[in-house]
Amino acid sequence: MRIFDPHIHMTSRTTDDYRAMYAAGVRAVVEPSFWLGQPRTSPESFLDYFDALLGFEPFRAAQYGIAHHCTIALNPKEANDPRCLPVLEELPRYLLKDGVVAVGEIGYDSMTPAEDTALAAQLELAAEHGLPALVHTPHRDKLAGLRRTLDVVAESQLPAGRVLLDHLNETTVKEAKDSGAWLGFSVYPDTKMDEHRMVAVLKEYGLDRVLVNSAADWGNSDPLKTRQVADAMLAAGFGEDDVDQVLWRNPVTFYGLSGRLVLEPAKPAALHEGNSLLRGGE
């Protein structure tokens with residue numbers, strides 16, 4: 001079984017997670033830039049973070065046989081902080097990088113006017129750079145947030161078929177599917193979706209344009225949730241080809257829209273900026 005986790009925040013995870021993910025079948029990941037939990041106080045802290053997503057994290061993933069890509073953006077929550085807004089001016093130079101396969105996460109947190117502006121601006125950047133967009137639908141007022149998102153997408157130059165609407169659930173999937181966008185589901189302990197609800201959605205709405213991710217981060221999350229969805233699909237009567245479509249071919253097709261997807265992990269390097277991951281060993 002091969003698995004592509006299309007939304008996982010490996011910066012928040014340990015090397016043991018990489019090892020366990022590989023053993024479970026994960027061979028590729030996309031790491032969206034996101035809010036780190038502690039508010040950033042300047043654009044420069046974003047730039048260091050973006051550099052890590054393009055440098056150290058792919059190096060770390062390669063040690064465990066996993067291909068790592070990222071998406072770059074000003075996230076919705078910090079779009080409300082004036083201290084962070086100048087990072088929008090820095091995004092174009094990062095969106096040219098080979099390891100960047102989409103603009104994201106963009107979208108809504110609290111559905112404020114500042115978030116409207118940041119979402120619209122970053123959809124235009126995606127269109128200008130020939131990249132798809134990963135859109136975060138809000139955790140609160142989800143249906144209203146989805147509808148507001150679709151309005152902004154419709155006003156942009158980016159076609160819906162190049163947009164992945166993430167964090168969907170049973171209340172938003174139908175309208176998201178009808179829009180022509182790609183459908184993202186985060187499977188997460190206690191909140192968001194679980195593997196059994198995910199299987200029910202697949203039975204009702206089908207497998208086309210559906211991506212399943214763990215969204216694993218610094219919260220109570222599980223980087224093996226993609227494998228648990230795969231196992232639940234098989235137990236529910238889906239075939240191995242169905243699992244491969246949802247857990248591999250669909251994310252490959254969506255992020256392949258960037259023209260930058262490389263599914264073979266980089267040859268592991270001995271060092272990155274002097275770091276061997278061995279904490280002092282050679």
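Ranking Asp217, Asp241 by Cβ neighbours within 10 Å, fewest first, what do you get? Walk me through the intermediate numbers first.
Numbers: Asp217 22, Asp241 9.
The order, fewest Cβ neighbours first, is Asp241, Asp217.
Which of Ser42, Leu234, Leu91 sits closest to the plus end of the dipole of the range 3-256, meaning its Cα is farthest towards the positive end, when Lys and Arg get +1 and Asp and Glu get -1 on the C-beta?
Of the options given, the answer is Leu234.
List residues of the range 32-66, by number, whose backbone nitrogen lies under 11 Å from a label position 7 Å along Cα→C-beta of Thr15.
The answer is 60-61, 63-64, whose backbone nitrogens lie closer than 11 Å to the label point.
How much net charge surrounds Gln245 when only the other residues with a Cβ under 11 Å from the Cβ of Gln245 are counted, with Lys and Arg +1 and Asp and Glu -1?
Working: positive: Arg209, Arg249; negative: Asp208, Glu240, Asp241, Asp242, Asp244.
Cβ neighbours under 11 Å give a net charge of -3.
Exposure proxy check: His196, His167 ranked by fewest other beta carbons within 10 Å? Walk me through the numbers before you get to the answer.
On the way: His196 13, His167 24.
Exposure proxy ranking, most exposed first: His196, His167.
Computed from the mean reciprocal separation of all distinct C-alpha pairs, what Kirkwood hydrodynamic radius does the range 80-217 have, in Å?
Numbers: mean 1/r = 0.0648 Å⁻¹.
Evaluated over the range 80-217, this radius sits at 15.4 Å.
What Kirkwood hydrodynamic radius do you get for the range 186-276 when you take the inverse of the mean 1/r over all pairs of distinct Cα atoms, in Å? Numbers along the way, then the final one.
Numbers: mean 1/r = 0.0674 Å⁻¹.
Every distinct Cα pair counted, the radius reaches 14.8 Å.
Over the range 110-168, how many percent of alpha carbon pairs lie in each 5 Å bin up to the one with the longest distance?
4, 20, 33, 26, 13, 3, 0
On average over all directions, what projected area in square nanometres does the range 18-58 have, based on the convex hull of its Cα atoms?
Values: hull surface 14.4 nm².
The orientation-averaged projected area of the Cα hull of the range 18-58 comes to 3.6 nm².
Along the Cα→Cβ direction, 7 angstrom out, place labels at His139 and Arg93. What is the inter-label distance in nm?
For the pair His139/Arg93, the computed spacing is 3.3 nm.
Over what distance in Å are the Cα centres of the range 92-126 and the range 137-157 separated?
Using only Cα atoms to place each centre, the spacing works out to 14 Å.
Say R0 is 25 Å: what FRET efficiency, to the nearest 0.05, do Ser276 and Asp48 get from their beta-carbon distance?
Result of the calculation: an efficiency of 0.75.
Step through the residues of the range 54-62 one at a time and calculate ³J(HN,Hα) from phi using the Karplus curve (6.51 cos²θ - 1.76 cosθ + 1.60, θ = phi - 60°), rounding each to whole Hz and writing x for Gly and Pro.
So the J values, rounded to whole Hz, are 9, x, 5, 5, x, 4, 5, 4, 4.
Which of Gly206, Gly259, Gly237 ends up with the largest GNM mean-square fluctuation for the chain, with Cα atoms connected below 10 Å?
Gly237
Rounded to the nearest whole Å³, what is the per residue volume of the convex hull around the Cα atoms of the range 3-256?
It comes to 109 Å³ per residue, whole-number rounded.
Using Cα pairs under 8 angstrom and six or more residues apart, how large is the relative contact order of the chain, in percent? Could the numbers behind the result be given before it?
On the way: 534 pairs, mean separation 60.6, N = 282.
Rounded, it is 21 percent for the chain.
Laboratory data are not the source of any read-out in this text; all were calculated from the coordinates shown. Everything quoted here is computed from the prediction, not taken from an experiment. Heads up, the Cβs are rebuilt from the backbone with ideal geometry, glycines too, and the neighbour counts pull from every protein chain shown.
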